[in-house]
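These notes concern the structure reproduced below.
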Amino acid sequence: MTIEQPKDPLEVEFTCTGTATGKMRNELDVAMVRPMEERFELATDEGPFHGGDASAPPPLALFVGGLTGCIMTQLRAFAKRMGVTIDDLKVDTRVVWQWTPKGRIYETAPKRFEIDVLLDSPNPLEDQLALIAAAKKGCFVEQTLGQSNTIRHRLKTADGFVDADGGADQ
């Protein structure tokens with residue numbers, strides 16, 4: 001089924017409900033709720049370091065996989081629209097974080113995101129570079145990483161939600 005490209009901007013919204021089911025395993029019910037509806041069941045787990053059973057990929061594996069899959073999808077989707085032929089495509093992604101012990105816990109910080117595109121195409125180099133530039137702008141994950149974002153955390157209590165970030169709850 002082919003869906004026509006919208007003429008006006010629209011919002012794409014995903015939700016996810018996670019349920020703790022094992023030592024460190026999480027069952028995730030992920031849904032696209034706008035502009036169309038799709039639902040996916042995923043799981044994460046940790047290895048022995050965090051007390052898990054390694055029964056599913058850890059969240060960071062899904063994160064890096066999501067980034068890689070997103071850019072690959074956009075490259076192939078936009079190649080058709082831009083008239084760029086792809087004979088073969090491979091993407092190698094490396095993500096590095098700083099992991100710093102802080103007593104009994106730790107803190108993390110992103111250090112670098114590197115995406116190598118191995119594109120086999122008969123098109124001129126400038127067309128291939130234009131394709132990569134367009135795919136970067138169309139990749140939801142890459143666009144999210146390239147911005148400063150505010151992530152809001154709330155804790156549900158008997159009286160409603162409390163802002164867990166120290167600000168006023170709305």
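The values are calculated or read from the model by the stated rules, or taken from the named source; none is laboratory data. Keep in mind that what you see is a predicted model, and the values were worked out from it rather than measured. Cβ atoms come from the backbone with ideal geometry, glycine included; neighbour counts cover every protein chain shown.
Residue under question is Ser55, and the condition is that it be loosely packed, with under 10 Cβ neighbours inside 10 Å and out of contact with any His (no Cβ under 6 Å at 6 or more places or on another chain); does it hold? Considered against the rule, which asks whether it is loosely packed, with under 10 Cβ neighbours inside 10 Å and out of contact with any His (no Cβ under 6 Å at 6 or more places or on another chain), Ser55 comes out as no.
Please state which of the following conditions Ile105 fails to meet, knowing it meets all the rest: (1) farther than 27 Å from His50 by Cβ; (2) within 26 Å of the chain's Cα centre (by Cα); (3) free of Cβ contacts under 8 Å to residues at least 60 places away in the same chain. Condition (1) is where Ile105 drops out. Right, Asp8: free of Cβ contacts under 8 Å to residues at least 40 places away in the same chain and part of a loop (DSSP other than H, G, I, E, B) or not? In short, yes. On the stretch given as segment 78-121, residues that are closer than 14 Å to Thr68 by Cα and among the charged types (D, E, K, R) total 5. What are the residue pairs meeting all of these: first residue in segment 86-97, first residue surrounded by 10 or more Cβ atoms within 10 Å (Cβ to Cβ), second residue in a strand (DSSP E or B) and among the polar types (S, T, N, Q), Cβ atoms under 6 Å, and 6 or more apart or on different chains? So the pair list comes out as Trp97/Thr108.
Scanning for something surrounded by 12 or more Cβ atoms within 10 Å (Cβ to Cβ) and closer than 24 Å to Gly146 by Cβ, does segment 3-23 turn up at least one residue?
Taking segment 3-23 as the starting set, the residues that turn out to be surrounded by 12 or more Cβ atoms within 10 Å (Cβ to Cβ) are 14, 18, 21-23.
This time we only want the ones that are closer than 24 Å to Gly146 by Cβ, so: 14.
Checking segment 3-23: at least one residue is surrounded by 12 or more Cβ atoms within 10 Å (Cβ to Cβ) and closer than 24 Å to Gly146 by Cβ.
When every residue of segment 62-75 is checked against the conditions, none turns out to be loosely packed, with under 12 Cβ neighbours inside 10 Å and without any contact (Cβ under 8 Å) to a residue 40 or more places away in the chain. Say we look at segment 11-34 and pick out the residues that are under 18 Å from the mean Cα position of the chain (by Cα) and not in a strand (DSSP E or B); which of these is nearest to Pro101 (Cα to Cα)? Residue satisfying both the conditions and the ranking: Val12. Kindly evaluate Leu129 against the criterion of being exposed (fewer than 14 other Cβ atoms within 10 Å of the Cβ) and either part of a helix (DSSP H, G or I) or touching a residue at least 12 places away in the same chain (Cβ under 8 Å) (or both). Taking the combined requirement at face value, the residue satisfies it. Of all the residues in segment 122-170, those that are touching a strand residue (DSSP E or B) at 6+ places or on another chain (Cβ under 9 Å), within 20 Å of Pro110 (Cα to Cα) and among the aliphatic types (A, V, I, L, M) number 1.
For Thr108, are the conditions met, namely being loosely packed, with under 13 Cβ neighbours inside 10 Å, hydroxyl-bearing (Ser, Thr, Tyr) and assigned by TED's automatic domain parsing to the domain that holds Gly65? Considered against the rule, which asks whether it is loosely packed, with under 13 Cβ neighbours inside 10 Å, hydroxyl-bearing (Ser, Thr, Tyr) and assigned by TED's automatic domain parsing to the domain that holds Gly65, Thr108 comes out as yes.
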